[in-house]
Amino acid sequence: MSVSENLKKAVEEKNIDDIRGCLWSCIAVDMNMTGRFKESLGYVLSNGINEYELFQDDDGTPFKTEASKDNFSELGGLLRVNFSKKKLDALRKMGLSLYPPKMESEGPKKNQGTGERPSSRSGEREKNRKEHMQKSTRESRVIGAVGGATFGAAGGAFAAAKFGAKVGGIIGGGLTGACVGAAIGYMLFREA
């Protein structure tokens, strides 16, 4: 895993808006924020950008903290508009609950006391594991597409609003962002 060139450039130029955008984008592919996001945030903070520059004061917009995919998506959109430590911490906690980090495989375990490998049930376990992985992959594609659409819609609407577009531009920006975000989310998670 490595830090993106866009983030490196934004840090070098001390472009705080671009840094926030890059970090926010990392969340779409690292929803528990323990991999790419963590590495990217560490890079930012260890290369001349401090927390006071990076994080905005919380704007007080209420949000739900119960761990659900809808609340995660909604809070992600709010974070894009107001990159506050309070919102990021709540999103990270929710992400860890909804998308726990995957543990590395430890390989086949020996039966306790006998020193032997598991016997006939191992074939059944392997079949169940494969079925579970196929289901998880399908769910990841859907989650990736929905998450990408949600983050894309919020980002598109925000960008349209920030640059002075009228209501039609905001809606169009949101719809365009949703379509692009859904496509990116599906592509990122199709091999998950």
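Screening GLY76 with (1) open to solvent by 40 Å² or more (accessible area, probe 1.4 Å); (2) part of a helix (DSSP H, G or I); (3) not basic (Lys, Arg) gives one miss only, at (1). Taking the criterion of being within 13 Å of LEU23 (Cα to Cα), among the charged types (D, E, K, R) and in contact with a Gly (Cβ under 9 Å, 6 or more places away or on another chain), the only residue of the stretch 62-92 that qualifies is ARG80.
Give the number of residues within the stretch 43-73 that are open to solvent by less than 100 Å² (accessible area, probe 1.4 Å), on the phi < 0 side of the Ramachandran plot and either without any contact (Cβ under 8 Å) to a residue 12 or more places away in the chain or not polar (S, T, N, Q) (or both). Break it down stepwise before answering.
Looking only at the stretch 43-73, we keep the residues that are open to solvent by less than 100 Å² (accessible area, probe 1.4 Å), and these are 43-51, 53-56, 58-61, 63, 67-68, 71-73.
Narrowing further to those that are on the phi < 0 side of the Ramachandran plot: 43-47, 49-51, 53-56, 58-59, 61, 63, 67-68, 71-73.
Remaining after also requiring either without any contact (Cβ under 8 Å) to a residue 12 or more places away in the chain or not polar (S, T, N, Q) (or both): 43-46, 49-51, 53-55, 58-59, 63, 67, 72.
Residues flagged as open to solvent by less than 100 Å² (accessible area, probe 1.4 Å), on the phi < 0 side of the Ramachandran plot and either without any contact (Cβ under 8 Å) to a residue 12 or more places away in the chain or not polar (S, T, N, Q) (or both) within the stretch 43-73 amount to 15.
Within the stretch 55-73, being in a helix (DSSP H, G or I) and either within 25 Å of LEU45 (Cβ to Cβ) or not acidic (Asp, Glu) (or both) holds for LYS69, ASN71, PHE72, SER73. Reported count of residues in the stretch 10-42, each being open to solvent by 70 Å² or more (accessible area, probe 1.4 Å), part of a helix (DSSP H, G or I) and over 29 Å from SER68 (Cα atoms), is 2.
Yes or no: VAL11 farther than 15 Å from LEU75 by Cβ, touching a residue at least 40 places away in the same chain (Cβ under 8 Å), in contact with a helix residue (DSSP H, G or I) (Cβ under 8 Å, 6 or more places away or on another chain) and among the hydrophobic types (A, V, I, L, M, F, W, C)?
On the way: farther than 15 Å from LEU75 by Cβ: yes; touching a residue at least 40 places away in the same chain (Cβ under 8 Å): no; in contact with a helix residue (DSSP H, G or I) (Cβ under 8 Å, 6 or more places away or on another chain): yes; among the hydrophobic types (A, V, I, L, M, F, W, C): yes.
In short, no.
The values are calculated or read from the model by the stated rules, or taken from the named source; none is laboratory data. Nothing here was measured: the structure is a model prediction, and the numbers come from that model. Cβ sites come from the backbone with ideal geometry, for glycine too, and all protein chains shown count toward neighbours. The area values use the complete protein model at the heavy-atom level, side chains included, leaving out ligands, DNA and RNA. Shrake-Rupley method; radii C 1.70, N 1.55, O 1.52, S 1.80 Å.
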